[in-house]
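Have a look at the structure below, then the notes.
The values are calculated or read from the model by the stated rules, or taken from the named source; none is laboratory data. Keep in mind it's a predicted model, so treat the numbers as computed, not measured. Neighbour counts run over all protein chains shown; Cβ positions are idealised from the backbone, glycine included. Areas reflect the complete protein model, heavy atoms only, side chains present, ligands, DNA and RNA absent. Shrake-Rupley method; radii C 1.70, N 1.55, O 1.52, S 1.80 Å.
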Amino acid sequence: MQSIKTICGLCHTGCGMIVDIEDGVIKRFRGDPDHPANKGILCPKGAASIDIVYSKDRLNSPLIKSKNGFKKISWDDALNFAADKLGELRTKQGPQSLIRFAGAPVSYDGRDSFMQFMAAYGSPNFAGVGHLCHVPRITAMKTVFGGPPEPDYTNTKLILFWGTNPMGSTRFGNYAVEGDLGNYRTVIDEAKKKGIITIAIDPVRSETAELCDQWIPINPGTDLALALAMLHVIVKDYLYDKDFVDNWTYGFDDLCAHVSDCSPEWAASKTGIPALTITQLAKLYATTKPALLRDGNGHDMNNNGAQTIRALMFLIGITGNYDVPGGNVVFPWTKQSFVVDHSKVKFTTKRIGQDTFPLFPEIPGPALTNELLTNGNKYALIVTHSNPTLVMADTEKVKKAFSNASFLMVMDMFPTATTELADLILPSPSLFESYGYRAYSSRKGGFVSLKPKVVEPLGESRHFSAVEYDLAERMGISSEYKFRDDKEWVNYMLFPTGLTVDDFNEKTFIYTTKPFEAKKYFKNGFKTPSGKMEIFSQTLARYGQEPLPKYVEPRVVINSPSGEENEYPLMATTRKPYEYVHTKFRNIGFLKKKYPEPLVYISKDDAEKYSLNDKEKVEIRSQKGKMIAHVVVSGKARKGLIVVDYGWGNPGDDKYTSVNNLCASDSWDPISGGTLNRQFKCCLRKTQ
Ligand SMILES: Nc1nc2c(c(=O)[nH]1)N[C@H]1C(S)=C(S)[C@@H](COP(=O)(O)OP(=O)(O)OC[C@H]3O[C@@H](n4cnc5c(=O)[nH]c(N)nc54)[C@H](O)[C@@H]3O)O[C@H]1N2
Ligand SMILES: Nc1nc2c(c(=O)[nH]1)N[C@H]1C(S)=C(S)[C@@H](COP(=O)(O)OP(=O)(O)OC[C@H]3O[C@@H](n4cnc5c(=O)[nH]c(N)nc54)[C@H](O)[C@@H]3O)O[C@H]1N2
Ligand code: SF4
Ligand SMILES: [Mo]
């Protein structure tokens, strides 16, 4: 038996793992007690890795669509077919005719796959799930601080979880910096033992909200009203850090005028939070030093998410919690190479939707689907590490849009709702069958972990790096390639650190930077046009966006010619179960047993109102579509707001469909294109 240290790449946490191998076969996965990200524990997803690797459902060979369903073909034929299709389209339509669609970059494989190929092909059309995940927040943070700050749990006195559920997502907002708060399962309990105040602002009584000292329920999509009212109180009562405000902010006077009418009473009517609670929260957050604010994915899928995050950043800045220990800080980060350096590579055309979303670094979902619906035949799509048809709002529309492309190639490990639409499916190895790596931030310094190849790729699966190089060679566009296989990829990416794969040997992780230093802005200023924290954003003003965050009502659109709205009396939000990551692995027995079917959490009031009981099966219907789920009468939900599980809908998920069937995509954030995947109006009906 041989034991090899590696990392899990199923979510952003990047836990350290020990893999026991016998005769080239994985026998067991264990948490690595030495790894700072998890300190020895594994969540159910990580623990299911062995079943994932050896699942009988894995794609084993390239498949081509034929009249009689998918047919096995050789790699040679598959890549020749793809090269012909892509070459022909490039000649006819130009280099912008290729769109790469990538999923959440939970492993860097997903982040970097087919990036070089895009540059070689000459296409600026990078798309993905960024508009639903994190990038709206990063885009907003850049306009305020020049970059994203991370929460520093180690020395804090107050933790404000705002739109995040780390007890379900294991996403505490940084990497491996829980310090003396244990691991990602114990942070909140340990914080409470140390007298650190913990508060959660969430429409749902999430696993996180349940553990915190205080849960502040909020109406979905109204967080900006709360933030503006908190700023109102802090300004009015002079609770801000005068020194920081005087020396390091741009537009503070504009802010004072902007929030003068945003009283707690005004916000109470929008958010559903009593004015007194808002006042108390503002005072507590501003006077408990240091305090950290952990934002989350609850803000991304919203029609004013980017501006909301800006107001949250103002709270951090003006209370003196920016880049101070225990506040929101900029941790050191490992310098890595760029696969495509967008500041240097000059594409000959703009990306789709660039004029509408100039500040967003990729094509947001609504711009992509609209273009494909109108001009799909002009494009080829490469989908990698993603399942867009189930994760984007309005499943039917997305399916139609993706089916419109003149060529759809999908790389995945498993058959999915998206591979079902493909012209060509290419099988990928699991994370344990190739080299990879991950960078982490921490107080002690930025560090990197290697993900060594633990076993050879199963079936005929091939790593993206080798596939895209082979394809580029066949098309005669491979001359600029910087790496041609997984090992070369990791070495190339780590080049700025001076490390190579061979330097890791038995080491789990290697620090690559100096430890965290506070208040770096004293030396460097902020990377914004004014060099200060920008409350009044010159960047947004230049691009015709609101320079100060203006509250807009959440816009759940019901096209209601006949007053149909009454048909959909309930508001719904969607939830990620702890046992799964997005749409992945519902076919894995170990996880299926733990969490067999999608649940809908309903308050006692609504259960009584609609005569529903625990475990009953209901059909949930919105104006867009319907799905089936099983009732849980639960304090997670509130009167009028139900909570629906997200992530089903792949082939093999029986009758269960995606909750995004029910979400509309005709309302979005003007900066990021984020859609309302967490808000829809619906009704319930018992079913068999
Ligand atoms: N188990 C599991 N873990 C995961 C993932 C997974 O799918 N499953 N996905 C990974 C990925 S890609 C990501 S991005 C992270 C996300 O991790 P987090 O940032 O923690 O986000 P979520 O887990 O989606 O939790 C968001 C919370 O925001 C709440 N919320 C919804 N709407 C609103 C609103 O309008 N206002 C406020 N204040 N709150 C709102 C939700 O009810 C929910 O409790 O998780 C990662 N980890
Ligand atoms: N309603 C609603 N919608 C949401 C969310 C929500 O909370 N509610 N969350 C949003 C968020 S935060 C995100 S990030 C997106 C997620 O969007 P995606 O990242 O597209 O979601 P996944 O289901 O994780 O899809 C990843 C796909 O990659 C495949 N895969 C896994 N490992 C490998 C590999 O090594 N190689 C290859 N080639 N493929 C692999 C998996 O089988 C899976 O099909 O969804 C968003 N959509
Ligand atoms: S899926 Fe679980 S084990 Fe894997 S990185 Fe995320 S938290 Fe860690
Ligand atoms: Mo995400």
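Computed about the Cα centre, the dipole magnitude for region 564-649 is approximately 500 debye when only Lys and Arg (+1) and Asp and Glu (-1) carry charge, each at its Cβ. Placing GLU534, GLU362 in order of accessible area, with the largest value first and a 1.4 Å probe, yields GLU362, GLU534.
Here the Kirkwood formula puts the hydrodynamic radius of region 448-543 at 17.8 Å, using every distinct Cα pair. Using 20 Å as the cut-off for backbone N distance, which residues of region 342-367 belong to the label zone defined by a point 7 Å from the Cα of SER403 along Cα→Cβ? Residues 366 fall inside that zone.
Just the number: Rg to Rh for the chain, Cα atoms, Kirkwood Rh, two decimals.
On the way: Rg = 24.5 Å, Rh = 25.9 Å.
Reported Rg/Rh, Kirkwood definition of Rh: 0.95.
The stretch between TYR238 and TYR543 holds 106.6 nm of extra length on full extension. This uses 0.36 nm per residue minus the Cα-Cα distance.
As a fraction of the 1.4 Å probe accessible area of region 274-335, surface on carbon and sulfur atoms comes out at 64 percent.
For region 358-426, the direction-averaged projected area of the alpha-carbon convex hull comes to 4.6 nm². At the residue level, LYS507 shows approximately 120 square angstrom of accessible surface with a 1.4 angstrom probe and all protein chains present. Simple rule: put +1 on each Lys or Arg Cβ and -1 on each Asp or Glu Cβ in region 336-484, find the dipole, and look at GLN354, GLY376, THR389; the Cα lying farthest toward the positive end is GLN354.
Applying 1/(1 + (r/R0)^6) with R0 = 25 Å to the Cβ-Cβ distance of ASN505 and ASP51 gives a FRET efficiency near 0.30. What a 1.4 Å probe finds exposed on region 369-446 is 46% carbon and sulfur by accessible area, rounded to a whole percent.
Exposure check, 1.4 Å probe, all protein chains in place: CYS212 carries approximately 10 Å² of accessible surface.
Would you mind working out the magnitude of the charge dipole of the chain relative to its Cα centre, with +1 at each Lys and Arg C-beta and -1 at each Asp and Glu C-beta, to the nearest 20 Debye?
That gives the chain a dipole magnitude of about 260 debye.
Rg/Rh for region 392-493 stands at 1.06; both radii use Cα atoms, and Rh follows the Kirkwood definition. In this rough spin-label picture, where each label sits 7 Å from Cα along the Cβ direction, the LYS283-HIS342 distance is 4.4 nm.
Which order do you get for LEU224, LEU431 if you rank them by accessible area with a 1.4 Å probe, largest at the top? Spell out each step's value before the answer.
On the way: LEU224 5, LEU431 30 Å².
Sorted descending by solvent-accessible area, the residues read LEU431, LEU224.
In the chain, the DSSP beta bridges split such that about 50 percent are antiparallel, to the nearest 5.
Please list, in order, the residues from region 345-368 whose amide nitrogen is less than 11 Å from a point placed 7 Å along the Cα→Cβ vector of ASN375. The answer is 350-354, whose backbone nitrogens lie closer than 11 Å to the label point.
Only protein heavy atoms count here; under a 1.4 Å probe, ARG685 has an accessible surface of about 130 Å². With +1 on each Lys and Arg Cβ and -1 on each Asp and Glu Cβ, how big is the dipole of region 127-272 about its Cα centre, in debye rounded to the nearest 20? Dipole of region 127-272, to the nearest 20 debye: 340 debye. Per the Debye calculation on region 511-647 with a single equal scatterer at every Cα and no solvent contribution, log₁₀ I(q)/I(0) for q = 0.18 Å⁻¹ amounts to -1.00.
Using the heavy atoms of the protein chains alone and a 1.4 angstrom probe, what is the accessible area of region 435-564 per residue in square angstrom?
Values: 6480 Å² over 130 residues.
Per-residue accessible area for region 435-564 comes out at 50 Å².
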